[in-house]
Structures are given as C-alpha cells and as structure tokens.
Amino acid sequence: MKKQCLLLAMLLALLCLNQSCNDEPDHVKGPRAVSFSLGLARGGDAPGRIAATIPDGSSVLITLTKPDGTPVLTRERVSILTLGNGYVTAPLSLEPGDYTLTDFWIVQDSSAVLFLTPKAGSPMAEYVSRPLPFDFPVAHNTTTNVPIEVVPTGTHAPEDFGYASFAITVVDVPQDTIDFRISVFVENESGGLELTHAEAVLIRDWESSFEHYDLSAGINTLNFTRSDMESGFRLHINKPGYISAARDISAAAIDDYANVPLTVVLQRSAPDNSPSITFGGSTWATGGGYHIVFDFEESATLYVDWGDGFIEKFTPGPGTFVQRHPYETGNEREITVRGDLDKIVSFNTAYSLTSLNVAALVNLKRFSAANSSVNSIDLSTMPRLESLWLALGGGPTILPAEHNIREVFLTYWGEDYTAFVNNIFTNAVNKNIRDGVFQYAYYADDQLPAAVIDKLIILRVDYGWNVSYH
C-alpha cells in the first residue's frame, strides 16, 4: 500500500509540475501529454479555497482554441482522476504550441453542471485567480500541467458565470462500458521514476484473445465491455529492453482502476550487448506456443525474449527447466536468451529449428534437436559435451576439437558423416572413453560410408561401445 501511495504521489507530481530539465531536445516532434489540476474555490459571498468533493463518475467538458480562434476541442469530455487528496484530469494529447482555454465545466451524468471556471468580467470571476479565457503553452520538452480553479454552481444562474445557459448535448454512453486506467514507470538515470511509453497486451479466454493497446507516458484509459470481462484477464506490459510485467485482474477488481490508475514499474532486462543465444522455428505439437527446455546444475537467472515483444525473467534452480510461451498467431519466432548462459548444461528442443546460434553455451553437456533446417549446428565452443541427440535434420554438425561425447543418437539425419565420426572416434581413443553409445537409424538408401563403419566397429570391439547402424 505504501508503494502504491508513493507512485500515486509521484504521478500527481509529474502531472502537476512543469519539468525544467529533460533529455529531449527542443526540436523533438509529436504530441505531448497535457493535464489540468483542479483547485476548488468558494463560490458564495466569502472568497477563498475550500475543501470540496467531486462526485465519482464526474468528468470535465473542455473547449480549446488556438490563440487566433481556430477550434481545437469543443466540449471534449475528459475523465477526472482522484490522486491522494487532489483531482487531476486524464491527460490530453496536444501538439506543442500555444492554446486558449475557453470553457471548463465539471459535469455529472451528462446533464448537471457541478463546477466551472467563470468567464472574465462575470460576477463570479472574482473568486478565481485566473478566469476564462486564458492562454497556456505546450512545450516540446516538458510535461504540461495547467492549474485551474473552479467554483460550484450551486443556485447561481449561468449569467453569473458569463454564460447564457448551461446547454449540454447528451450523448448516450453504453452502460456496459468500463474505464480502466493505467500508468507505466521506468527508473531514470538519476535513480528516480519517470513515466514512459509502453504496450499493453490483454490476454483472456484461455489465451485465445489478444488485445493490444499503445500506452502514452501518462495516465491511459482503456475502454472495455464489461460483459467481455466476466472472467477477468491477464494484462502484460511490454517495452523493449525491459522485463514484461504481468498482472492478473479479476472481474471484481476492474472497477478499482476506474479512477485511480494501476501503476506499473518496469525493470530493466539484460543489456542488449550481453552474451546471448538465439533459436527459432515452429512447433508441430498441438496447442500452439513454444517450449524451451534447459537443464541446470545450480541456480541461475535467465532473460527470455520470445520475439513478440514479451521479455520474461526466470530464476530456475538445479534440474530441468521447462517454460511454455503462447503466441498470438503462429509460432515462427526467433527467441533470444540472456543471463547465466554458462550455467546451462542441457539444451533440448523438439521443434522445427529454422535458426540457431548457441555458441555462448560454453559448459553445455547435452544437446538435442529435431527437424532442423538450419545450414549447420555449430557446437564447437562446447568442450564439455557428453551427449548428442539429432533427428530429422540436415546440414553438418560442427563439434569442438576436444570433448567428452559418449552418447550419440541419430535418426534420419543427412550429412557427410566422415568428419563427424572421425571427430568422435579420435576423442574416444585419445581419452579412452569406453562403454559409450552410437545409434543410427536411417532409410534403406541412406547407409553410412564404409570408412565410417570401420571406425564404429573399432569403438564396439575395442572400447565396448554399444554401436547400432542397421
């Protein structure tokens, strides 16, 4: 709860303070987030600020023009967020430049005007420090927040505020609509938190429905249909270079974020220039998704980039680590793994490999791959190799000059086996590796060369290997 309150306070500060320092140059283009922080002033005979409450579900109707009178927004409806003991509007997205605020009404149920900012020269204008209209700038390199005071309408007539009437066009809003608010933070170079852009991916209906939302560096409002969310959903927040954040939101909890945003702090992933392995392909298993299977002899930390915007952090212990990832469409992705790669002792994939670079697995002992269509399998950096399982593949397998291979299982694998078996034979002889296994299953017209068979016979007779090639 303390962390949530801290983030809310920080969010309010970021929205309510014009930043004097920013790393972005003045020529940066694109819309900026603009919000209004609300001050509630006394609207009776006694001037001064008072404590007041804006009812839940209220919103603001805003009218903006350019200084020359060109319309920008006309009675634009903007949500009001409660942050701590204050109120702030959800951010508008405006291009940098100068603007004139001409109308600012707080309404409820699209019909009743509860608070507003009076027009200059009207009887109620004396109760606010800045009556309407007034100008404000939107800069290229800062978050813009505009302080504004409003007074309650009470029993006053529209003329008291400078208006002929409070005519509001009523727009029917489906009662089934849900507003869900979210803000995303990252740590900046000075160790503080700052708002950031990200992507939200909403997954529901047993991983059959994926919905994508672009999030700005501010308070974002996602609109849902309540009947579609009866089972809740899982929300993933993705940003390149950061670990994806996942939140399970139950149907009952959705309304908790109608006014107060869900705050998410993203953590850095492994640096892009750190050692990595990559592999990709598609599964021929049913159910979709992709499995990775590694073995460890000690605890490790891994960062897995699944190739579709999702980056996950795992901390497997000793033993076999299996992880599945569902893909929205198809499975043809290149997966990148970083972290404690030197602690991986076994790599196993039962998928159709279309790319493979595992040179960073320098302590690998067991390698297994099936249905490979890569040009080659380079294992030359792995002197601790003990076991190979290769099936339904093609292209040469490049072994290290020295290794400890004592198990080889090949199934319908097509290459020139002369160099491959010569390497295994030489190591077995030089290191006196006994009681190994070499099993080769092949089609009738895909038999081993005679020179290869001669060496396998020596391994069987002189070194006790279990050799099968028929």
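What follows is calculated from the coordinates using simple rules that are stated; it is not laboratory data. Given the structure is predicted, the values throughout are model-derived calculations rather than measurements. Here the Cβ is made from the backbone with ideal geometry for all residues, glycine too, and neighbour counts use every protein chain on show.
Side notes on the structure shown:
- Backbone N atoms of the stretch 193-237 closer than 19 Å to the 7 Å Cα→Cβ label point of Glu312 belong to residues 199-212, 233-237.
- Rounded to two decimals, the Cα-based Rg/Rh of the stretch 177-265, with Kirkwood Rh, is 0.98.
- Neighbours of Thr381 by Cβ distance under 14 Å: Lys/Arg scored +1, Asp/Glu scored -1, total -1.
- Stokes-Einstein diffusion of the stretch 276-468 at 4 °C, 1.567 mPa s viscosity, Kirkwood radius from Cα pairs, rounded to a whole number: 74 µm²/s.
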